[in-house]
Amino acid sequence: MIPAYVDLSEASGLLVALLPEVFLTGWVLLLLLVVAWQHRSAEDQQLVGRLSLAGLVVTLALVILYWLRGPEPEGLELMIALDGFRYATAAVFLIGAILAVAISMHYLRRESILVPEYYLLILLATIGMMFMGGGADLVVIFLGLELMSVAVYVLAGINRRSIFAAEAALKYFLLGAFASAFLLYGIALIYGATGTTNLTLVYVQISAMGLQTDVMLIAGIAMLLVGFGFKVAAVPFHMWTPDVYDGAPTPVTAFMAAAVKAAAFAALMRILVQALAPMDSVWTEAVWWLAAITMVVGNVIALAQRRLKRMLAYSSIGHAGYLLVAVTSGTDLGTAALLYYVLVYTLMTVGAFAILTVVGRGGERDTRIDDFNGLGSRRPWLAFAMTVFMLSLLGFPGTAGFIGKWYILSAAVQADQFKLAVVLVGASILSAGYYLPVIMAMYMKDPVSDTAHVETRAVGAVRWVIGVTAMLLLLFGVWPNAVLDLAKEEGRQLRPAVLVTVSR
Amino acid sequence: MLLGPSLTVSLILFSIGVAGVLIRRNAIIVFMCIELMLNAVNLSFIALAQQLGREGQVIVFFVMAVAAAEATVGLAIMIAIYRHKNSLNVTELNLLRG
């Protein structure tokens, strides 16, 4: 059914290699027709949501099928990679999108936001992400990034009645476009220095022509890092993050914090490891500093937050720092740690934001930690799930977050970055200062009033999202082997394609 | 032909764009400066394509398409914010803070 080898220089070969992306694109176009017909009532919107969910699930199945018995490239991977890293990251993005769509269905109805195109934008952004994780060419990665970004700009401002959403969208748009320009300039300079935009050929050119000290190439890498710094919200390029996460509708925030960030990390890791490996003396130091500052600043400012949504925004900056530690190592183990942590991070972030939509009930922006007072006695299961998410974000033993963080630590130690490992541990201890108060509020404080939490109820798909993510986090926390092995296997595959062929 | 000067002009244009984004306060002018940055990069690609083959010229078309898509979405977002605030001054975007 699926050929064992495809020639990526031919259109037919490319079509086979891109089947999951092509399917999802076709599905979006069909849904666009459905929306043109049926867009007047909340039921129509619900229908589009269900169809989007179906499309995402089928795409996930296709990705897994390719993962198990995908075609091998015949010759060079010209535009799209055919390795496990592509399928693993695509699976993470699709899981993030499925969870986001699931929590959106109830949210949009409750907030009476009637924009069926909402789901299409999530799907389009997901396609962009898949190209970011799978592109084997700088230009393909750039186009994927733009497809994702443009869709997410609109998503941030999808609630036209909210002035906060409009402000968030404008800030995100201006800074996002600014960052894209830097990224593009970086690509242009790398193209100028090496004469190619293909990741493998960039690697070959740098090694063969001895470009390690080429000024143009180093400037290009610096620009590239600035662009990605904005996209992954690394300090000092993080200014937009808290405002945008704060103002956007909560399911969109969950999608941005989880999948969008994961996609930027996937692209960054692939470019640095597959194309710029010979330049590691240049970028390791830069990423080292980004990681250290991001971890410290993100966690320190999060300590000062009283509103949960903003606190989670700063916590996501801190987590970008942890992921940058995995990038810094640049080893197979680092890639594996990144893959594992991105999956776990997606689950716990979406779960925490899902609980926020339930407890906030339209006022998520103003939900304070005190609003969780006494949730443990009134809604024990919800409080239990929130405890799991908070402990997992903290990296408490027994949850998946702990395994992920421990794995990142071992990657840092293996790469002889002891100082960074120390910073990571310190930042994690600091983060207990804002995760634990939420748990304390739920179990140790009395409800503010007798009527508190009476209306708090997880209904429909949201309940499933919270339940499934919490259970998976506990499962991966005590029995992580299967996923870890998978991550290790795919981590080993992400290396300059030249070396893969030699080792086969 | 003129590779060095072209790249220099491109760098200067890019820097003007960056400076404009950082200095100007009107959202539309900020966006124009971002467009200037993208077009500066396009100039680099075109100049490099003389030596490195047609690939660079093809990339420029992709960038132009991306810039057009960004403009559509960006201007729509600006209309949305103008309806709320009757202003496009980015220093007045101060509702979200803390």
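The values are calculated or read from the model by the stated rules, or taken from the named source; none is laboratory data. No experiment lies behind these values; they were computed from the predicted model shown. Every residue, glycine among them, receives a Cβ derived from its backbone with ideal geometry; neighbour counts consider all protein chains shown. Each accessible area value is taken on the protein alone, full model and side chains, heavy atoms only, with ligands, DNA and RNA left out. Shrake-Rupley method; radii C 1.70, N 1.55, O 1.52, S 1.80 Å.
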Task: helices (runs of 4 or more DSSP H) fully within the stretch A:381-491 counting 1 or more residues that are closer than 20 Å to A:Arg361 by Cβ - done: A:418-444, A:460-478
Task: Selection from the stretch A:184-223 of residues that are among the small types (Gly, Ala, Ser) and within 24 Å of the chain's Cα centre (by Cα) - done: A:Gly186, A:Ala222
Open item on the list: When you scan the stretch A:477-495, do you find a residue that is buried (at least 21 other Cβ atoms within 10 Å of the Cβ), touching a helix residue (DSSP H, G or I) at 6+ places or on another chain (Cβ under 9 Å) and among the β-branched types (Val, Ile, Thr), even just one?
Closed with: no
Task: Test set (1) surrounded by fewer than 24 Cβ atoms within 10 Å (Cβ to Cβ); (2) modelled with pLDDT of 95 or more; (3) within 11 Å of another protein chain (Cβ to nearest Cβ) - A:Trp240 fails condition number - done: (2)
Open item on the list: Tell me yes or no: at least one residue of the stretch B:7-17 is open to solvent by less than 60 Å² (accessible area, probe 1.4 Å), free of Cβ contacts under 8 Å to residues at least 40 places away in the same chain, within 9 Å of another protein chain (Cβ to nearest Cβ) and not aromatic (Phe, Trp, Tyr).
Closed with: yes
TODO: Would you mind finding the one in A:Gly84, A:Gly75 that is at positive phi and touching an Asp or Glu at 6+ places or on another chain (Cβ under 9 Å)?
DONE: A:Gly75
Task: Complete set of residues in the stretch A:124-171 that are more than 8 Å from chain B (Cβ to nearest Cβ) and not in a helix (DSSP H, G or I) - done: A:Gly135, A:Ala136, A:Asp137, A:Ile158, A:Asn159, A:Arg161, A:Ser162
TODO: Output the number of residues of the stretch B:61-75 satisfying the condition of being open to solvent by 10 Å² or more (accessible area, probe 1.4 Å), more than 16 Å from A:Leu138 (Cβ to Cβ) and either touching a His at 6+ places or on another chain (Cβ under 8 Å) or facing another protein chain (nearest Cβ under 8 Å) (or both).
DONE: 2
Open item on the list: Here's a check for you: in the stretch B:51-60, which residue that is within 11 Å of another protein chain (Cβ to nearest Cβ) and at negative phi is most open to solvent (accessible area, probe 1.4 Å)?
Closed with: B:Gln51
Task: Per-region count, the stretch A:188-197, residues more than 8 Å from chain B (Cβ to nearest Cβ) and crowded, with 23+ Cβ neighbours inside 10 Å - done: 2
TODO: Looking only at the stretch A:293-312, decide whether some residue is closer than 26 Å to A:Val154 by Cα, buried (at least 22 other Cβ atoms within 10 Å of the Cβ) and without any contact (Cβ under 8 Å) to a residue 60 or more places away in the chain.
DONE: no
Open item on the list: Is it the case, given these coordinates, that B:Arg24 is more than 7 Å from every other protein chain (Cβ to nearest Cβ), out of contact with any strand residue (DSSP E or B) (no Cβ under 8 Å at 6 or more places or on another chain), closer than 18 Å to A:Thr196 by Cβ and of a type in the set (D, E, K, R)?
Closed with: no
Open item on the list: Criterion first (touching a residue at least 12 places away in the same chain (Cβ under 8 Å), within 27 Å of A:Ile293 (Cβ to Cβ) and open to solvent by 10 Å² or more (accessible area, probe 1.4 Å)) does A:Val226 satisfy it?
Closed with: yes
Open item on the list: I'd like to verify a number: residues in the stretch A:75-112 that are out of contact with any helix residue (DSSP H, G or I) (no Cβ under 8 Å at 6 or more places or on another chain) and open to solvent by less than 10 Å² (accessible area, probe 1.4 Å), how many?
Closed with: 0
- [ ] Could you figure out which of (1) polar (S, T, N, Q); (2) open to solvent by 10 Å² or more (accessible area, probe 1.4 Å); (3) within 14 Å of chain B (Cβ to nearest Cβ) isn't true of A:Thr253?
- [x] (2)
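Here is a yes/no grid of residues against (1) surrounded by fewer than 24 Cβ atoms within 10 Å (Cβ to Cβ); (2) not aliphatic (A, V, I, L, M):
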site: A:Leu324; (1), (2): no, no
site: A:Val342; (1), (2): no, no
site: A:Phe372; (1), (2): no, yes
site: A:Phe384; (1), (2): yes, yes
site: A:Gly395; (1), (2): no, yes
Task: Matching residues, the stretch A:447-470, being hydrophobic (A, V, I, L, M, F, W, C), under 26 Å from A:Leu53 (Cα atoms) and loosely packed, with under 14 Cβ neighbours inside 10 Å - done: A:Val459
Open item on the list: Pairs please, first residue from the stretch B:71-98 and charged (D, E, K, R), second anywhere and open to solvent by 80 Å² or more (accessible area, probe 1.4 Å), Cβ atoms under 8 Å, 6+ apart in sequence or on different chains.
Closed with: B:Lys85/B:Glu92
- [ ] Give just the number: which of (1) open to solvent by 20 Å² or more (accessible area, probe 1.4 Å); (2) touching a helix residue (DSSP H, G or I) at 6+ places or on another chain (Cβ under 9 Å) does A:Trp289 not satisfy?
- [x] (2)
- [ ] Could you pull out the residue among A:Tyr119, A:Tyr107 that is more than 9 Å from every other protein chain (Cβ to nearest Cβ), part of a helix (DSSP H, G or I) and modelled with pLDDT under 95?
- [x] A:Tyr107
Task: Positions within the stretch A:165-183 being more than 22 Å from the chain's Cα centre (by Cα) and of a type in the set (Gly, Ala, Ser), in sequence order - done: A:Ala166
Task: Residue tally, condition loosely packed, with under 14 Cβ neighbours inside 10 Å and modelled with pLDDT of 90 or more, over the stretch A:210-220 - done: 1
